[in-house]
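The values are calculated or read from the model by the stated rules, or taken from the named source; none is laboratory data. Remember, predicted model here, so these are calculated numbers, not experimental data. Counting neighbours? That spans all protein chains shown, and the Cβs are built from the backbone with ideal geometry, glycine included. Keep in mind that these areas ignore ligands, DNA and RNA; they rest on the heavy atoms of the full protein, side chains included. Shrake-Rupley method; radii C 1.70, N 1.55, O 1.52, S 1.80 Å.
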Amino acid sequence: MEQKTEDKYQLIIIGSGCAGLTSAIYAGRYKLKTLVLGSYFGGVIVEEANVENYPGFVSISGMELMKKFKETVDSLNVPVVSGKVISIKKNEDKNKFNLTTDENKTYCADAVLVSCGTKKLKLSIEGEDKFNGKGVSYCATCDAPMFNKKTVAVIGGADSACQAAILLSKHAKHVYLICRKDELRGEPINVEHVTKNKEIEIIFNTNVIKVKGTNMLESIELDKEYNGSKEISVKGVFVEIGSVPSTYFLDKLNINLTKKMK
Ligand SMILES: Cc1cc2nc3c(=O)[nH]c(=O)nc-3n(C[C@H](O)[C@H](O)[C@H](O)COP(=O)(O)OP(=O)(O)OC[C@H]3O[C@@H](n4cnc5c(N)ncnc54)[C@H](O)[C@@H]3O)c2cc1C
């Protein structure tokens, strides 16, 4: 059955995080008939309790900051609607796009701006899916308090891994930071915090190849021995190995994506 086009816009912005809402402010100021469609309001910054690098605020929660963004968007009369876009197709008159959401609503736009953020990369190792939520986590901000006085491992070597290790060191008894290279690539200030932190033990040139347990995570297996063993007992593993753009639904558009976006 042909879907009913509910509304027509000059611009539809997909994503209601920092990027989407900022774009909406400019679209509104240019008086474009604009709609913002986002699957969850505010995006990932709402997970942050204290944003301390946004000019004008010494410290503000991510949710409060996004509410401030939205006040500006509202003042320009740009609607922000909840919905997850599952496909974008060129419509009959080829110059426009039909966007379909998971609630089977269709919107039409002359132009589409994709600001969907990223999704965390997985390690793709044995046990990772089985213990996801049972010791394996992709969000230290969300889950760190659950590992109070426990031993955990952070996997990764860039800034997000450093930040996760620093945060976890405030809760956990001990934090292993397992890095496949021979140096950390975080912001220098975070690398300094990590290396000076006595609760954080860095294991360089090492990969985690398996996460193990029975009902809950109990240990990780390394690809080489560390202190005489390939196995380390941990109650939590935080995977911080980067992220990829959330652009999976663009495939129906027949446009060329760069290798990183596929
Ligand atoms: C825990 C945490 C703490 C952080 N703390 C800081 C900090 O203190 N300072 C700082 O500068 N940065 C911080 N960051 C990074 C910052 O949050 C991100 O760089 C920023 O939020 C990215 O904004 P974005 O709009 O590009 O993407 P996102 O915030 O990821 O927003 C993406 C939006 O797209 C929507 N979306 C995705 N797919 C679809 C779809 N198919 N259909 C419809 N909508 C879709 C999502 O629902 C969301 O609304 C933090 C990140 C995290 C995870």
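Cross-link list Lys130/Lys173; Lys122/Lys170; Lys84/Lys134; Lys8/Lys105: which exceed 20 angstrom alpha carbon to alpha carbon?
Flagged as over cut-off: Lys130/Lys173; Lys122/Lys170; Lys84/Lys134.
Find the Cα radius of gyration of segment 25-180, compare it with 2.2 N^0.38 Å by division, and give the number to two decimals.
1.34
Short version: ³J(HN,Hα) in whole Hz for each residue of segment 187-197, in order, from phi by Karplus 6.51 cos²θ - 1.76 cosθ + 1.60 (θ = phi - 60°), x for Gly and Pro, what are they?
Those phi angles translate into 4, x, 5, 6, 4, 5, 4, 5, 5, 8, 7 Hz.
For the chain, what ratio Rg/Rh do Cα atoms give with a Kirkwood hydrodynamic radius?
1.05
Got the relative contact order for segment 136-241 handy, in percent, Cα pairs under 8 Å and 6 or more residues apart?
34 percent
For Val237, enumerate residues with amide H under 5 Å from its amide H, sequence gap 5+ or separate chain, H modeled in the peptide plane.
Sorted by chain and number, the residues that satisfy this are Val136, Ser137, Ala153.
Could you provide, to the nearest whole Å², the per residue accessible area of the chain with probe 1.4 Å?
The answer is 57 Å² per residue.
How big is segment 136-241 in terms of Cα radius of gyration and Dmax, in angstroms?
12.4, 39
How much of the DSSP beta bridge set in the chain is antiparallel, as a percent to the nearest 5?
Antiparallel bridges make up about 40 percent of those DSSP assigns within the chain.
For the chain, what does -39500 (n - 2.57) per DSSP helix run (n ≥ 4), summed and divided by total residues, give at 222 nm, in deg cm²/dmol to the nearest 500?
Dividing the helical sum by the residues of the chain leaves -5500 deg cm²/dmol.
Roughly speaking, to the nearest percent, how much of segment 63-206's 1.4 Å accessible area is carbon and sulfur?
48 percent
Sequence-distant or interchain residues sharing an amide H contact under 5 Å with Glu187, placed H: which?
Asp159
Scan around Lys210 for amide H atoms under 5 Å from its own, H built in the peptide plane at 1.01 Å from N, and keep only partners 5 or more places away or cross-chain.
Counting only residues 5 or more places away or on other chains, the set is Glu221.
Output needed: Cys residues of the chain lacking any neighbouring Cys C-beta below 4.7 Å, sorted by number.
Result for the chain is Cys18, Cys108, Cys116, Cys162, Cys179, no neighbouring Cys Cβ within the cutoff.
Give the relative contact order (percent, whole number) for the chain; include only Cα pairs under 8 Å separated by 6+ residues.
That works out to 18 percent.
Run through the DSSP bridge list for segment 136-241 and note the antiparallel percent, rounded to the nearest 5.
Antiparallel bridges: around 35 percent, rounded to the nearest 5.
Highest first, please rank the peptides 205-212, 180-187 by the mean number of other Cβ atoms sitting within 10 Å of their residues.
Sorting 205-212, 180-187 by mean packing, highest first, produces 205-212, 180-187.
Pairs Lys70/Lys94; Lys120/Lys259; Lys119/Lys150; Lys119/Lys224: which exceed 23 Å Cα-Cα?
Going by Cα-Cα distance, Lys70/Lys94; Lys119/Lys150; Lys119/Lys224 fall outside the 23 Å limit.
Using the Karplus curve 6.51 cos²θ - 1.76 cosθ + 1.60 with θ = phi - 60°, work out ³J(HN,Hα) for each residue of segment 42-59 in order, rounded to whole Hz, and write x for Gly and Pro.
x, x, 6, 5, 5, 6, 8, 6, 9, 8, 10, 10, 9, x, x, 10, 5, 7
Roughly how many Å is it from the Cα centre of segment 78-132 to that of segment 232-255, as a whole number?
When both Cα centres are located, 15 Å separates them.
Can you tell me how segment 24-63 classifies by the Cα gyration tensor, rounded, prolate or oblate, using a/c under 1.5 as the rounded cut?
Because a/c hits 1.5 or more and a/b fails to exceed b/c, segment 24-63 counts as oblate.
For the charge dipole of segment 1-74, defined by +1 on Lys and Arg C-beta atoms and -1 on Asp and Glu C-beta atoms about the Cα centroid, which residue among Ala19, Val51, Tyr30 has the Cα displaced farthest towards the positive pole?
The Cα lying farthest towards the positive end belongs to Tyr30.
So for each of 110-116, 237-243, 151-157, 26-32 I average, over its residues, the number of other beta carbons within 10 Å; can you give me the resulting order with the highest mean first?
Final packing ranking: 151-157, 237-243, 110-116, 26-32.
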